[in-house]
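The structure appears right after this line, and notes come after that.
The values are calculated or read from the model by the stated rules, or taken from the named source; none is laboratory data. For clarity, every value in this text was computed on a predicted model and none was experimentally measured. Every residue, glycine among them, receives a Cβ derived from its backbone with ideal geometry; neighbour counts consider all protein chains shown. Accessible surface is based on the protein model in full, side chains and every heavy atom, while ligands, DNA and RNA are left aside. Shrake-Rupley method; radii C 1.70, N 1.55, O 1.52, S 1.80 Å.
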Amino acid sequence: MDALLYIILALIAGLAVGVFVGRMLMAKVFTKALTDAEEKAKLIIKEAELKGETVKNNKIHEAKEKYLKLKSEFEEEVNKKKNLIIQNENKVKQREQSASKLIEQNNRKEAELDSAKENLQAQLEIVNKKKEEVEKLRLQQVSQIEKIANLSADEAKTQLIEALKEEAKSKASAHIKDIVEEAKLTATKEARKIVIETIQRTATEHAIENCVSVFNIENDDIKGKIIGREGRNIRALEAATGVEIIVDDTPEAIIISGFDPVRREVARLSLHRLVQDGRIHPARIEEVVAKTFKNIEEEIVEIGERTVIDLGIHGLHPELIKYIGRMRFRSSYGQNLLQHSREVAKMCAVMAAELGLNAKLAKRAGLLHDIGKVYPEEQELPHALLGMELAKKYKENAEVCNAIGAHHDEIEMTSLISPIIQVCDAISGARPGARREVMESYIKRLKELEQLALSFDGVTKCYAIQAGRELRVIVDADNVSDERAGILSFEISKKIENDMQYPGQIKVTVIREMRSVSYAK
């Protein structure tokens, strides 16, 4: 019994010791864990503070950069405006100086005129006095001669006239012989000159071509298809062809307006194909317009070949034949350029044959005389000199080149074919009048407007519509952003204001279209 009691007491004592030891161990473990946790927390706080400081420094740096950028942009804009103001002030000063110079010149000329008038009046008085003195002396001499000769003045005149008649007859007969000999030598040359001058006086005028084409349709229901939902079809057609499509209340007709006959013809043929096909939507419109442009280029070559065959002209360079075909879609002071050139060629051949010159060479020069007007790129040279350069480039005869370059007196004429070309050009096309000059300057202004917009980077196409009151600019979406498109419209409008003269105002519309294309295979 005592042994069992001892055992139980020993177990209780051991259990108490174990509990105590266990608690001590647990306290140490918890203390260590708490210490580790505090250290980790301190590390995390320190890292967070470092990151916060880095972010703060980055934000401050970005804010400074943005401020410097905005400041530089503002200073640049201010400098541009200052420069513009300075330029305007310089222009005003120059105009004031020129005006003051003109006023001084006018005052000086008025003073010179006044002095000249006074001198002239004084000279006239002197002359009148001299005349009176001369008349008195003449009367005295006549009276003295009558006394000496015992003849009156009338009798002396009669005797003198009879003597002079005999002398004049002998001299006249000799002079007539000289005139006849000289006429025989110069008859041919004078006859040619007379013929050319006579024909030059017979120049006639022609009517000016319109700047619109009419596309006839079977019924007005087709107008809705051409316009499309919310006008997307007609906008796509205008953007692709560069003309203005006018769909109004005109029955069974759509008006195509544009200054370029090639664009109008492409739009007319494209509308014809779309209406026949029945499928009218933006993608189909672009496809048809592209095919039509290609067909027009082929038609230009065919027209050129047909023209040279009809006129019997051989050996022309293929590029010159292509230029001749392009004449079909151009005008010369309102007259169709190809028709004008054909007429000039035929008349030149007839006139050259009548004058005993080379008719084939004259016909060739007449057909090519306005070839410079269809050069695809804008040049600073006049069309006559540009046509001469083209003819030289493609190895044309020297007389043909001179006739082309001299038909508007830009260079000196070196052969008789050159004045024939000039005269026949006047007969066929007439000398330019006020209305023709207005039309030509109007078309030139529209072309300059388009060329100005095409000079900017990122611009792919440009069309002047609404009689030059609106400029539509199509840009490359890959190279021009939406923000840049807005800036581009402003820059183009400013350049138009600075470089061009125009009535009213011009609306500049920049179109940026993003396309995403993929293929299902």
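Using mean Cβ contacts within 10 Å as the protection proxy, how do 268-274, 493-499, 19-25, 420-426 order, highest first?
So the order, starting with the most tightly packed, is 420-426, 268-274, 493-499, 19-25.
Using a 1.4 angstrom probe and counting only protein chains, how large is the accessible area of residue 516 in Å², to 10?
110 Å²
Accessible area per residue of segment 1-64 at 1.4 Å probe, in Å²?
95 Å²
May I ask you to compute the full-extension gain from residue 64 to residue 301, defined as 0.36 nm times their residue separation minus their alpha-carbon distance, rounded to one decimal in nm?
Result for the pair: 78.9 nm of gain on full extension.
On the accessible surface of segment 281-400, probed at 1.4 Å, how many percent belong to carbon and sulfur atoms?
The nonpolar share, carbon plus sulfur, comes to 49 percent.
Compute the distance in nm between two label points, each set 7 Å from the Cα along the Cα-to-Cβ direction, one at residue 339 and one at residue 232.
4.2 nm
To the nearest 0.05, what FRET efficiency results for residue 46 and residue 85 with a Förster distance of 56 Å applied to their C-beta separation?
Rounded to the nearest 0.05, the efficiency is 0.45.
If DNA, RNA and ligands are ignored and the probe is 1.4 Å, what is the ranking of 461, 32 by accessible area, most exposed first?
Accessible-area ranking of 461, 32, largest first: 32, 461.
Which net charge results when you count Lys and Arg as +1 and Asp and Glu as -1 among the other residues whose beta-carbon is under 13 Å from that of residue 463?
Summing Lys/Arg as +1 and Asp/Glu as -1 gives +3.
Per 0.36 nm of contour for each residue apart, how much would the distance between residue 455 and residue 490 grow if the chain were fully extended, relative to their Cα-Cα spacing?
Length gained, residue 455 through residue 490: 11.2 nm.
Sort 102-113, 479-490 by the packing proxy (mean of other Cβ within 10 Å over each peptide's residues), most packed first.
479-490, 102-113
Quick check: with the 1.4 Å probe, what order do 414, 35 take by accessible area, largest first?
Putting 414, 35 in descending order of accessible area: 414, 35.
Just subtract the alpha-carbon distance of residue 29 and residue 394 from 0.36 nm times their residue separation and send over the number in nm, one decimal.
Difference between extended and current length: 121.0 nm.
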